[in-house]
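Undergrad: Sharing a structure here in structure tokens format.
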Amino acid sequence: MIFWGIRKKRLQGGALDEMQCPDCRKRELTKNAVIRYIHLYWIPLFTFSSSAELECAVCGKLIKGKELGSEMKKDIKSELITAGQILSKNFGVLLLLTVIFLFALYVSFS
């Protein structure tokens, strides 16, 4: 039986005082980035999607997509998503391939 699927990880950043929430008009927005990845046996294999969003701490409204604007998305992604997080996902692929290779060697010599 093979366990695989898609998961997401939310990375929280700092507060953003420049904007106000369109619903409650408070200036308590938090920067978030969401990374979606494919996993095999709960080992992250690779990232296939990332998005940026703002969340209001008062009313909980999420501002994302076209509401956010392309420049703000780029800023949030560059601040929260680092190369280390992407590399850690690719490390899972290398680890899984190494285990499969060693198992194949073990079976072939048995």
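Computed from the coordinates by the stated procedures, all read-outs in this text should not be read as laboratory data. All values reported here derive from a predicted model rather than from experimental measurement. When we count neighbours, we look across all protein chains shown, and the Cβ atoms used for this are built from the backbone with ideal geometry, even at glycine.
Undergrad: Condition first: touching a helix residue (DSSP H, G or I) at 6+ places or on another chain (Cβ under 7 Å) and within 15 Å of Gln12 (Cβ to Cβ). Now tell me which residues in segment 39-69 satisfy that.
TA: Ser50, Ala52
Undergrad: Restricting the search to segment 61-83, which residues are among the acidic types (Asp, Glu), surrounded by 14 or more Cβ atoms within 10 Å (Cβ to Cβ) and out of contact with any Gly (no Cβ under 8 Å at 6 or more places or on another chain)?
TA: Residue satisfying the conditions is Asp75 alone.
Undergrad: Counting only residues that are assigned to a strand (DSSP E or B) and aromatic (Phe, Trp, Tyr), which one in segment 1-60 is surrounded by the most Cβ atoms within 10 Å (Cβ to Cβ)?
TA: So, considering only residues that are assigned to a strand (DSSP E or B) and aromatic (Phe, Trp, Tyr), the one surrounded by the most Cβ atoms within 10 Å (Cβ to Cβ) is Tyr37.
Undergrad: Could you look through segment 42-56, keep only residues that are more than 18 Å from Lys77 (Cα to Cα) and in contact (Cβ under 8 Å) with a residue 40 or more places away in the chain, and pick out the one that is nearest to the chain's Cα centre (by Cα)?
TA: Out of the qualifying residues, it is Pro44.
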